[in-house]
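Readers should treat all values here as calculations from the given coordinates under stated rules, not as data from a laboratory. Note that the coordinates shown come from a computational prediction; the quantities given were computed from them, not determined experimentally. We place every Cβ from the backbone using ideal geometry, glycine too, and count neighbours over all the protein chains shown.
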Amino acid sequence: MSDDAPPPPGKLVATKRRWADEGRFLTGRTARPDAERLPPGQHLVKNWPVLDLGVHPRISPQTWTLRAYGAVQEPLTWDWAAFQAQPQHREVSDIHCVTTWSRYDNEWEGVATRTLLDVVHPKPEARHVVLHSYDGYTTNLPLADFAAENAILAQSWQGAPLTPEHGGPVRLIVPHLYLWKSAKWLQRIEFRADDAPGYWEVNGYHERGDPWSEQRYSADGS
Ligand SMILES: Nc1nc2c(c(=O)[nH]1)N[C@H]1C(S)=C(S)[C@@H](COP(=O)(O)O)O[C@H]1N2
Ligand SMILES: [Mo]
């Protein structure tokens, strides 16, 4: 699977690009997470939809590795055994997809992003993180959001290993941002001083993606 070579844009990508152009789903309301559990413009689902670029890479834990590099003092590569040897964490959180569905009470197990940060020691100039995935997908977010207390490199959901459709062996979960920031099939974590927009961010989606202030699309629509 080649790095950073996403599949050619299909119908879903064209549709989502158009939504960004039209400002689709924007309600103009802003809510606060502590006051409203369901962000504006979202509706609840009980199932868990699958959304991605259409390629579901099958990576066995035996060949999976995760690399963290860039503006860090101690770059690392974890294979499956090294990942399992890290302190394992459990988090229950809600997920919010920019296509307007939200799902409450997802139970994740894996390694807290803070655990990884303690190992790599980001350099003082590190401000941004870019996630690179085995399907060629990329997404960027501020280091401060990646470092959130409940952000987790998840290997299990509701007590069972994360399925390939949902990004197994390991995906990121950053519950307080729209789910497109939560890279599935995570392969590399790049720490940077400057920002570098990822796949959806260059296609009209917001650099940060806070669901409570409906940061769905980038301001200039580019
Ligand atoms: N590697 C990778 N991660 C990805 C995507 C993708 O296409 N590839 N899609 C993103 C988007 S747009 C969404 S909404 C969520 C969907 O996660 P789910 O399929 O587990 O619901 O994954 C995000 N992470
Ligand atoms: Mo999405």
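For the chain, which span is the longest to avoid every loop-located (per DSSP) member of trypsin sites (Lys or Arg not before Pro) having at most 13 other Cβ atoms inside 10 Å? That gives 59-222 as the longest site-free run. For the chain, the longest principal axis of the alpha carbon atoms and the long axis of helix 11-22 meet at an angle near 60°.
Annotation for the stretch 155-202 versus the stretch 206-220: alpha-carbon center distance of 17 Å.
Which loop-located GluC sites (Glu not before Pro) does the stretch 79-168 contain, where loop means any DSSP state but H, G, I, E or B and the Cβ has at most 16 other Cβ atoms within 10 Å?
Numbers: sites: Glu91, Glu107, Glu109, Glu125, Glu149, Glu165; in loops: Glu125, Glu149.
Here the sparse-neighbourhood loop sites are Glu125, Glu149.
When the charge dipole of the chain is built from unit charges on Cβ atoms (+1 for Lys and Arg, -1 for Asp and Glu) and taken about the Cα centre, the candidate among Leu186, Val119, Gln88 whose Cα reaches farthest toward its positive end is Leu186.
Taking the Cα centre of the stretch 35-169 as origin, work out the dipole magnitude from +1 charges on Lys and Arg Cβ and -1 charges on Asp and Glu Cβ, in debye rounded to 20. Provide the component values of the computation, followed by the final result.
Working: 9 positive and 15 negative charges, 24 e Å.
Computed about the Cα centre, the dipole is about 120 debye.
Seen from all directions on average, the chain presents a Cα convex hull projection of 11.6 nm².
Here the calculated FRET efficiency for Asp195 and Thr100, from their Cβ-Cβ distance with R0 = 35 Å, stands at 0.85, rounded to the nearest 0.05. From helices alone, the chain scores -3500 deg cm²/dmol at 222 nm; the rule is -39500 (n - 2.57) for each run of n ≥ 4 DSSP H residues, then divide by the residue total.
Pull out a ≥ b ≥ c, the square roots of the eigenvalues of the alpha-carbon gyration tensor of the stretch 127-188, then state rounded if a/c is under 1.5, prolate if not and a/b is larger than b/c, and oblate in the remaining case. Can you show the working numbers first?
Numbers: a/c = 2.24, a/b = 1.31, b/c = 1.71.
It comes out oblate by the Cα gyration axes.
Residue-wise HN-Hα couplings along the stretch 127-136, as the Karplus relation 6.51 cos²θ - 1.76 cosθ + 1.60 with θ = phi - 60° gives them from phi, are 10, 10, 10, 10, 9, 10, 10, 5, 8, x Hz; Gly and Pro carry x. Of all the options Ser93, Ser60, Ser102, the one that moves most in a Gaussian network model of the chain with Cα springs shorter than 10 angstrom is Ser60. Highest mobility in the GNM of the chain, judged by mean-square fluctuation with C-alpha springs under 10 Å and restricted to Pro197, Pro122, Pro49, is found for Pro49.
Taking springs between alpha-carbon atoms closer than 10 angstrom, which of Gln42, Gln187, Gln62 fluctuates most in the Gaussian network model of the chain? Residue with maximal mean-square fluctuation among Gln42, Gln187, Gln62: Gln62.
Rounded, prolate or oblate for the stretch 8-118? Axes are the square roots of the Cα gyration tensor eigenvalues, ordered a ≥ b ≥ c, and the cut-off for rounded is a/c under 1.5.
Details: a/c = 2.04, a/b = 1.52, b/c = 1.34.
Prolate, because a/c is 1.5 or more and a/b exceeds b/c.
Work from the charge dipole of the stretch 1-136 (Cβ charges, +1 for Lys and Arg, -1 for Asp and Glu, about the Cα centre) and give the residue of Pro75, Asn106, Pro40 farthest towards its positive end. Comparing the listed Cα positions along the dipole, Pro40 ranks first.
Would you mind classifying the stretch 139-222 by shape? Square roots of the alpha carbon gyration tensor eigenvalues, ordered a ≥ b ≥ c; an a/c under 1.5 is rounded, otherwise it is prolate if a/b is larger than b/c and oblate if not. Judged from the Cα gyration tensor, the stretch 139-222 comes out prolate (a/c at least 1.5, a/b above b/c). A straight chain from Arg29 to Glu165 at 0.36 nm per residue would run longer than the Cα-Cα distance by 45.7 nm.
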